[in-house]
Amino acid sequence: MSQKPDNLIVVLDMGSAWTRVLAADLNEGALRYRGHGLVESAGMRKGLISDLGPAAKAAKAAIEGTERVARANIDECAIGVGGPHIRGLNTNGGLDLGSRMREITREDVRAALERARAVERPPDREILHLLPRQFILDDQPGIFDPVGMVGARLEVDLHIATCSGSALQSTVTCANRAGVEVTEAVLESIAAAEATLSADERELGVCLLDIGAHSSDLVVFFEGAVAHTGSVPIGGAHFTNDLAVGLQMPVAQAEELKRLYGNCVVTSVPQQAEVEIANPQPQMLALRTIAEILEPRARELLYFVKESLRQGGVVDALGAGCVLTGGGSMLPGLLDVTEGQLRVPARTGTPVRLSNMPSELINPSFATAIGMLLYAHRTRVTRAAENNSLSAKLRAIFAASF
């Protein structure tokens, strides 16, 4: 096995059902797939780590599987953070630049962001992302990047995505026990958006709903910026459990029944359609019975999504509709329920394909992991550009002193 290449990017996505590790490197400026590992999650409960030992063992197995495919050692990674503990809030702040107009610097932008982020929050909340919605320069709104412009007062409208500090630390500790160092944490819905949304959708207004096993994370973009983030405590496992209880069968059998014959719209299923099941003796089951159990849960999921949108003040900001991704998004009929509940068009979010990537990963269940790679790559490029700019300034100062 070779040493870790300098340009290798690795992400760890610890979901309630599956733990995924994905590795890529840069090839002529583009991300190229190197390998991935996929193992069934352990030590998870309701989207959170409940037992570090089994969770770390699953993460280590996924990492080792990725190392074998990539033929490289993995010692660091970015982690995804999601679940019912995610919260988002909008705030604003600004600073006066002096009595006379002057050029805006990157330090001024950081100072404005610091003013905006200085809001009271519970002591156990950790900030995941500071996401500027717009900058306002001397009462001129709608500015994306004010650096280099001239003005006397700079303000920023900011969205802050936060998570439970203990939940974040548990994920970091789990990754450390699996033998890797965590380089950054990414909100999973933001990552999924990186892999599935177009620039036009972000501009017109769109809700990205990432449906996991035990919870569904959402993010709303409007005019190109994040306007709302949140989470609802319903995911694909709840549909499966409803079937298991309603049909009095094991969860594994209910999951297979959902995957093969599930539908969230009763009227889409032919009245006479049946399937033979063993429960425990062979018997015929009407497929509409399955839909009659799944449809109420789908409506409940979208009811909570709509309530989150209403609380965020963005229920009418979805000009481009709603995009469903994640493993739970593939349930037939869910797009119809989404369109009926939110009154906007809906589509399934399939992730973009990386160079050399196997076709089986072009699947909504891998949207978060692929998006984390894209996000980590973009932040690495941004930091490199800022470091180069700082180095250039230091060289100029040094040269001017002689």
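In the set Arg299, Arg288, which member is at pLDDT 95 or above, among the basic types (Lys, Arg) and under 27 Å from Val219 (Cα atoms)?
Arg299 is the lone residue from the list that is at pLDDT 95 or above, among the basic types (Lys, Arg) and under 27 Å from Val219 (Cα atoms).
Based on what the data block shows, is Ala42 in contact with a helix residue (DSSP H, G or I) (Cβ under 9 Å, 6 or more places away or on another chain) and either part of a strand (DSSP E or B) or buried (at least 22 other Cβ atoms within 10 Å of the Cβ) (or both)? It would help to see each step written out before you state the result.
On the way: in contact with a helix residue (DSSP H, G or I) (Cβ under 9 Å, 6 or more places away or on another chain): yes; either part of a strand (DSSP E or B) or buried (at least 22 other Cβ atoms within 10 Å of the Cβ) (or both): no.
Judged against the criteria, Ala42 is not a match.
Has the stretch 254-266 got at least one residue that is over 30 Å from His159 (Cα atoms) and of a type in the set (Ser, Thr, Tyr)?
yes
I need a count of the residues in the stretch 82-115 that are of a type in the set (Gly, Ala, Ser) and crowded, with 21+ Cβ neighbours inside 10 Å. Even if it seems obvious, please write down each step before you answer.
Keep residues of the stretch 82-115 that are of a type in the set (Gly, Ala, Ser), which gives 82-83, 88, 93-94, 98-99, 111-112.
Narrowing further to those that are crowded, with 21+ Cβ neighbours inside 10 Å: 82-83, 88, 112.
Qualifying residue count, the stretch 82-115: 4.
If you take the residues in the stretch 175-184 that are touching a strand residue (DSSP E or B) at 6+ places or on another chain (Cβ under 6 Å) and surrounded by 19 or more Cβ atoms within 10 Å (Cβ to Cβ), which one is farthest from Thr162 (Cα to Cα)?
Selected residue: Val180.
Run down Val220, Val180, Val156 and say which single residue is touching a residue at least 40 places away in the same chain (Cβ under 8 Å), of a type outside the set (S, T, N, Q) and touching a Phe, Trp or Tyr at 6+ places or on another chain (Cβ under 8 Å).
From the options Val220, Val180, Val156, the qualifying one is Val156.
For Thr348, work out the one condition from (1) surrounded by 17 or more Cβ atoms within 10 Å (Cβ to Cβ); (2) within 18 Å of the chain's Cα centre (by Cα); (3) among the hydroxyl-bearing types (Ser, Thr, Tyr) it doesn't fulfil.
Against the list (1) surrounded by 17 or more Cβ atoms within 10 Å (Cβ to Cβ); (2) within 18 Å of the chain's Cα centre (by Cα); (3) among the hydroxyl-bearing types (Ser, Thr, Tyr), Thr348 comes up short only on (1).
Out of Leu218, Leu260, which single residue is surrounded by fewer than 17 Cβ atoms within 10 Å (Cβ to Cβ) and either closer than 25 Å to Glu295 by Cα or of a type in the set (D, E, K, R) (or both)? If you could, list the steps in order and put the result at the bottom.
Working: Leu218 fails: surrounded by fewer than 17 Cβ atoms within 10 Å (Cβ to Cβ).
Matching residue, one of Leu218, Leu260: Leu260.
Considering Val305, Val323, which residue is under 17 Å from Asp217 (Cα atoms), touching a Lys or Arg at 6+ places or on another chain (Cβ under 7 Å), hydrophobic (A, V, I, L, M, F, W, C) and not in a loop (DSSP other than H, G, I, E, B)?
Val323
Being surrounded by 20 or more Cβ atoms within 10 Å (Cβ to Cβ) and not in a strand (DSSP E or B) narrows it down to one of Ile9, Ile74, Ile79, so name that one.
Numbers: Ile9 fails: not in a strand (DSSP E or B); Ile79 fails: not in a strand (DSSP E or B).
Testing whether each residue is surrounded by 20 or more Cβ atoms within 10 Å (Cβ to Cβ) and not in a strand (DSSP E or B) leaves just Ile74.
Which residue is nearest to Glu181 (Cα to Cα), if the candidates are limited to the stretch 41-58 and must be under 22 Å from the mean Cα position of the chain (by Cα) and of a type in the set (A, V, I, L, M, F, W, C)?
Among residues in the stretch 41-58 that are under 22 Å from the mean Cα position of the chain (by Cα) and of a type in the set (A, V, I, L, M, F, W, C), the one nearest to Glu181 (Cα to Cα) is Ala56.
Quickly run through the stretch 290-318 and pick out the residues that are in contact with a Gly (Cβ under 8 Å, 6 or more places away or on another chain), surrounded by 15 or more Cβ atoms within 10 Å (Cβ to Cβ) and not aliphatic (A, V, I, L, M).
Correct list: Glu295, Ser308, Gly312.
Working carefully through the options Leu130, Leu113, Leu97, find the one that is in contact (Cβ under 8 Å) with a residue 12 or more places away in the chain and under 22 Å from the mean Cα position of the chain (by Cα).
Leu130
The values are calculated or read from the model by the stated rules, or taken from the named source; none is laboratory data. Every value quoted in this text rests on a predicted model; they were computed, and no experiment measured them. Virtual Cβ from ideal backbone geometry, glycine too; neighbours counted across all protein chains shown.
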